[in-house]
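What follows draws every value from the coordinates through simple rules; no lab data is involved. Nothing here was measured: the structure is a model prediction, and the numbers come from that model. Here the Cβ is made from the backbone with ideal geometry for all residues, glycine too, and neighbour counts use every protein chain on show.
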Amino acid sequence: ETGVTQSPTHLIKTRGQQVTLRCSSQSGHNTVSWYQQALGQGPQFIFQYYREEENGRGNFPPRFSGLQFPNYSSELNVNALELDDSALYLCASSLASPGTEAFFGQGTRLTVV
Amino acid sequence: QKEVEQDPGPLSVPEGAIVSLNCTYSNSAFQYFMWYRQYSRKGPELLMYTYSSGNKEDGRFTAQVDKSSKYISLFIRDSQPSDSATYLCAMKMTSYDKVIFGPGTSLSVIP
């Protein structure tokens, strides 16, 4: 049990729709990162938030956006869903401190039809 | 060339075997190296975390980092059926940086 909780666990959306995925970080963790994991591949970094500000972004278009809240929960929003957005979305929380590492939630499986 | 490459697998071994999982990388700026285990339909679970070159042991698991060769390994001794999972190598440049993952190696330990 990592203390990182994601909701929902599964979701089916139609192409063109918008989706919001949620993550509750481990208590006290001030950094949250989001990853996309396609089937059979490693997770790909989407973006990272530190103290409610985005402080790093991977190679994902602007229709992927996020928020981090003062209680360390966070959201990933994806607009104009495409079929290729079907994947496991993972959030990971950590302390912004040397020697510490990220703990992942169980992920949200998004299917776009 | 991908930033992080991993033995493709899948790998199938008998129970009790020693397993060697390997990754190579291209960015010499990576300093932090991790191994994650991921069971089907679950999030990755951190197994080993090392900084710079050297070895680290934790129970049946040993992680090795050779920065001069840009090569990292995870050894599993006395493998168990419960070790059956996908193993992901991962690395980053600084403690605050994004984590770059390899594609993963699927391991099956046969009783």
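In the protein assembly as shown, taking the dipole from charged Cβ atoms about the Cα centre, the farthest positive-side position among B:Ser20, A:Gly16, A:Gly107 is held by A:Gly16.
About its Cα centre, the dipole of the protein assembly as shown is roughly 280 debye, where the only charges are +1 on Lys and Arg Cβ and -1 on Asp and Glu Cβ. Note on segment B:65-111: Rg/Rh from Cα positions, Kirkwood definition for Rh, rounded to two decimals, is 1.06. Label-to-label distance, B:Ser69 versus B:Ala29, with points set 7 angstrom from Cα along the beta-carbon direction: 2.6 nm. Among the listed pairs B:Lys42/B:Lys70; A:Lys13/B:Lys2; B:Lys67/B:Lys98, those with a Cα-Cα distance over 25 Å are B:Lys42/B:Lys70; A:Lys13/B:Lys2. Of the GluC sites (Glu not before Pro) found in segment A:43-78, the ones in coil according to DSSP and having at most 16 other Cβ atoms within 10 Å of their Cβ are A:Glu52. Working value for the protein assembly as shown: equivalent-ellipsoid semi-axes of 29, 20, 16 Å, each the square root of 5 times a Cα gyration tensor eigenvalue, largest first.
A crude spin-label estimate for the pair B:Lys2 and A:Phe69, with each label 7 Å from Cα along the Cβ direction, gives 3.6 nm. Placing +1 on each Lys and Arg Cβ and -1 on each Asp and Glu Cβ, with no other charges, gives chain A a dipole about its Cα centre of roughly 220 debye. Of the trypsin sites (Lys or Arg not before Pro) found in segment A:36-70, those that fall in a DSSP loop while having at most 14 other beta-carbon atoms within 10 Å are A:Arg51, A:Arg63. Note: chain B, Cα convex hull, 96 Å³ per residue.
Summing Cβ point charges (Lys, Arg +1; Asp, Glu -1) relative to the Cα centre of segment B:22-111 gives a dipole of roughly 200 debye. Largest first and in whole Å, the equivalent-ellipsoid semi-axes of segment A:1-92 read 21, 14, 13, each the square root of five times a Cα gyration tensor eigenvalue. Averaging Cα coordinates gives a centre for segment A:14-41 and one for segment B:44-109; these two points are 23 Å apart.
When the chymotrypsin sites (Phe, Trp or Tyr not before Pro) in segment B:1-95 are filtered for DSSP coil states and for at most 16 other beta-carbon atoms within 10 Å of their beta-carbon, the remaining sites are B:Tyr39.
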